[in-house]
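**Student:** After the structure tokens below, expect a handful of questions from me.
What follows is calculated from the coordinates using simple rules that are stated; it is not laboratory data. A quick note: this is a predicted structure, and the numbers were derived from the prediction, not measured. Counting neighbours? That spans all protein chains shown, and the Cβs are built from the backbone with ideal geometry, glycine included.
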Amino acid sequence: MYCSWLMLVLVWWQLPGSQPDVASFPPSLVAQHAEGTSQEDLQKLLKTPYFELYGKGKDAYLDEMWDRCVWYMEKAIMVHKHVGQQKFLCRQHCFNQTAEPSFEGHSTLQMMRKFMKRAVCNNKCEHERLGDMRWEGVNSIQEEMHSRLPYDYMQLCYYKLGDLEKAAGSAYTFLQTNLGHDIMRANIAYYRQMEEVQHEWFVDREKDKWKEALEGAVRSVLQTLNGSWDID
């Protein structure tokens, strides 16, 4: 009984549209990068290609302009997440609009028609929400954004500005997807030795609290079952 219930939770967790996955970037993860930005400026920024903002952030880093470095890096991440969020909402909308209970009994042509309708719907939705920004994912910067490289730059920029909380948080966030990065491990070890640095500052800024809560619930169930079940 416990096994069946747990498997149901895990399967539901993976269903498209059943919960906000990594690509969805919940609003709270986007908003954290908008600190100190007016609503008017925010709307302008969300129409600026993130690779331009990211490039200006790297230039500021090389010029040792630490305040400009963190400003542009934060905004580049924000716009990147905004684009991803809007694309996810379009995919979810078009999946729900064209979804059917099952393809059972449908001909291949009917299935192809369904996929084509979904593609047309998605293209129209992205054009309405993002305009030309919908093509932003097709560039070499995408890989650097997914590998959280902006946080590598930001941890030093924040450190130079004396903001140890954000420096520690940026270092920790970068390390979560770059576990073999020895320099960042050494940076975190250095931060941990500093008396003024608090343990709770080491947080993954990309962590979705919704997912974290669900993962905690699943871990709680596993602990309750105490290893007495078998999913095979």
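**Student:** So, by mean Cβ neighbours within 10 angstrom, what's the order for 150-157, 193-200, 53-60, 110-117 with the highest one leading?
**Tutor:** 150-157, 53-60, 110-117, 193-200
**Student:** Once both labels are modelled 7 Å past Cα along the beta-carbon direction, what's the Val203-Ser147 spacing in nm?
**Tutor:** 2.8
**Student:** Taking the Cα centre of each part, how many Å lie between the range 142-164 and the range 110-128?
**Tutor:** That distance is 37 Å.
**Student:** Can you give the extra length, in nm with one decimal, that the chain gains between Asp132 and Phe115 once fully stretched, where that is 0.36 nm per residue apart less the Cα-Cα distance?
**Tutor:** 3.8 nm
**Student:** Grab the Cα-Cα distance for Ser107 and Leu164, subtract it from 0.36 nm times how many residues apart they are, and report the gain in nm with one decimal.
**Tutor:** Residue separation times 0.36 nm, minus the Cα-Cα distance, leaves 14.5 nm.
**Student:** For Gln193 and Glu64 in one chain, what is 0.36 nm times their gap in residues minus the Cα-Cα distance, to one decimal in nm?
**Tutor:** Net length gain for the segment: 43.9 nm.
**Student:** Over 22 Å between Cα atoms, which of Lys81/Lys114; Lys81/Lys166; Lys58/Lys166; Lys81/Lys124; Lys56/Lys166; Lys87/Lys117 qualify?
**Tutor:** Lys81/Lys114
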